[in-house]
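Below you'll find the structure, written out as structure tokens, and then a few comments.
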Amino acid sequence: MYPFDINLIKSLNLERIINLLKITISYYRHSLLIDFGINGLPPVLSIEPTNLCNLQCLQCPSGKGELNREKGVMDLSLFKEIIDKTQNHLVYLLLYFQGEPMLNRNIISMIEYARKYRIYVVMNTNGHYMKTDYDTKNLIDSGLNGIIFSLDGATEDSYKIYRAGGDFNTVIGAIRRLIEAKQKMKSKSPKVYLQFIVMKHNQGEIEKIKRLGKSLNVDKVFLKSVQIYDENDYNNLLPSIEKFRRYNKVNGRLVLKK
């Protein structure tokens, strides 16, 4: 899921357009089974500012303490080095993976640095670190293009089933605070999105989360299928709605749908 708006066009320049054309041509060559190698460089990059998190979500290796790699935060100097080396072809930057980006105290500086190169920047957050007007103003002033709030429940009771350690009202408050700040500052960015992972316990809330998003005045609500790391949770998490099941069970094992 790569949310974007019309401002993504502003991230394009001649060098980036040429790179996109090279990649597109390479894609169609390979689809025709013509292998001339891959031309061009990736226009989209995902950077994990930290793999630390304040929540203990049921299927997240970070939150459950099951990461098989060292925990920490990315240095600002390393971030700048990566951006410096990729900015000629980079169009879109995602600031998230298996941690809460706002636990990195340099996150605002990271966003500002990427935006200096007119890279389109989107961040995902669990919404627990925007508690003051100062926080939201800094985020808006950074030039961030889009922010995705993870909200896997339309009520406190359903939310806390998956987002262990989280507080539903804190997230709602952060969304409201950010949107109100945008209005006061007359800023069109960042675009504000809700991400709702459809699971067995919350699949009946799909229409309710859409209504909640509308009442909060977010730009879009994204419905996402759940990723399973622990197959023992298969029956407890996968919804009955087929379009939101990314797996089939074959010979007792979960297999990704093709």
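Among Asp219, Asp141, Asp35, which one shows the highest mean-square fluctuation when the chain is modelled as a Gaussian network with alpha-carbon springs under 10 Å?
Among Asp219, Asp141, Asp35, the largest GNM mean-square fluctuation belongs to Asp35.
Taking only Cα atoms and a 10 Å spring cutoff, compute GNM fluctuations for the chain and point out the largest among Leu33, Leu20, Leu78.
Result for the chain, Cα springs under 10 Å: Leu33 fluctuates most.
Amide H of Tyr247 versus every other amide H placed in the peptide plane: which residues, excluding those fewer than 5 positions away on the same chain, fall under 5 Å?
For Tyr247, the qualifying residues are Lys257.
For the stretch 44-220, what proportion of DSSP beta bridges, expressed in % and rounded to the nearest 5, is antiparallel?
Details: 1 of 19 bridges.
The antiparallel proportion sits near 5 percent.
Determine the equivalent ellipsoid of the stretch 39-80 by diagonalising the alpha-carbon gyration tensor, then write out the semi-axes as square roots of 5 times the eigenvalues, largest first, rounded to whole Å.
Values: eigenvalues 127, 42, 16 Å².
After scaling each eigenvalue by five and taking roots: 25, 15, 9 Å.
Using modelled backbone amide H atoms (1.01 Å from N, in-plane), which distant-in-sequence or interchain residues come within less than 5 Å of Glu100's amide H?
When sequence neighbours closer than 5 places are left aside, the close amide H contacts are Leu52, Cys53, Asn54.
List the longest stretch of the chain that has no exposed loop site; here a site is one of the chymotrypsin sites (Phe, Trp or Tyr not before Pro) assigned by DSSP to anything other than H, G, I, E or B, with at most 14 other Cβ within 10 Å. The partial results should precede the final answer.
Values: sites that count: Phe36, Phe97, Tyr229.
With chymotrypsin sites (Phe, Trp or Tyr not before Pro) excluded where exposed in loops, the chain gives 98-228 as its longest stretch.
Among the listed pairs Lys131/Lys208; Lys131/Lys160; Lys137/Lys188, give every one whose C-alpha distance is greater than 21 Å. Working shown, then result.
Details: Lys131/Lys208 25 Å; Lys131/Lys160 19 Å; Lys137/Lys188 13 Å.
Over 21 Å apart, Cα to Cα: Lys131/Lys208.
log10 I(q)/I(0), Debye, Cα-only the stretch 150-231, no solvent, q = 0.20, 0.21, 0.24 Å⁻¹?
-0.89, -0.97, -1.18
For the chain, just the Cα atoms, rotate onto the principal axes and tell me the three extents in Å, largest first.
Computed over the Cα atoms, the extents are 53, 50, 37 Å.
For a quick check, take a GNM of the chain with Cα springs below 10 Å and name the residue from Thr132, Thr50, Thr170 with the largest mean-square fluctuation.
It is Thr132.
Would you compute, for the Cα atoms of the stretch 154-198, the largest minus smallest coordinate along each principal axis and list the three values in descending order, in whole Å?
Computed over the Cα atoms, the extents are 37, 18, 14 Å.
Give me the orientation-averaged projected area of the Cα convex hull of the stretch 69-187, in nm², one decimal.
Taking a quarter of the hull surface, the average projection is 8.3 nm².
Taking the simple approach of a point 7 Å from Cα along Cα-to-Cβ for both Lys137 and Arg253, what is their distance in nm?
Between Lys137 and Arg253, the simple spin-label model gives 5.6 nm.
For Lys191, list long-range residues whose amide hydrogen, built 1.01 Å from N in the peptide plane, is under 5 Å from its own amide hydrogen.
Residues meeting the amide H criterion: Gly146, Ile147.
Counting other C-beta atoms within 10 Å, which of His201, His128 has the fewest, and how do the rest follow?
Numbers: His201 15, His128 20.
Least to most surrounded, the residues fall as His201, His128.
The stretch 46-84 to the stretch 1-24: how many Å between their Cα centroids?
27 Å
Express in % the proportion of alpha carbon pairs of the stretch 1-80 at distances exceeding 18 Å. Please report the intermediate quantities before stating the final value.
Numbers: 2065 of 3160 pairs.
Within the stretch 1-80, distances greater than 18 Å cover 65 percent of Cα pairs.
With no other cysteine's Cβ closer than 4.7 Å, which Cys residues of the chain count as lacking a disulfide-compatible partner?
Lone cysteines by the Cβ rule: Cys53.
In the structure shown, do any of Lys10/Lys258; Lys224/Lys258; Lys200/Lys243; Lys116/Lys224; Lys116/Lys186 have a Cα-Cα gap over 24 Å, and if so which? Mind showing how you got there, number by number?
Values: Lys10/Lys258 34 Å; Lys224/Lys258 17 Å; Lys200/Lys243 13 Å; Lys116/Lys224 31 Å; Lys116/Lys186 21 Å.
Over 24 Å Cα-Cα: Lys10/Lys258; Lys116/Lys224.
Read-outs: derived from the displayed coordinates by stated rules, not from any lab. What you are looking at is a predicted structure, and each value in this text was computed from that prediction instead of being measured. Cβ atoms come from the backbone with ideal geometry, glycine included; neighbour counts cover every protein chain shown.
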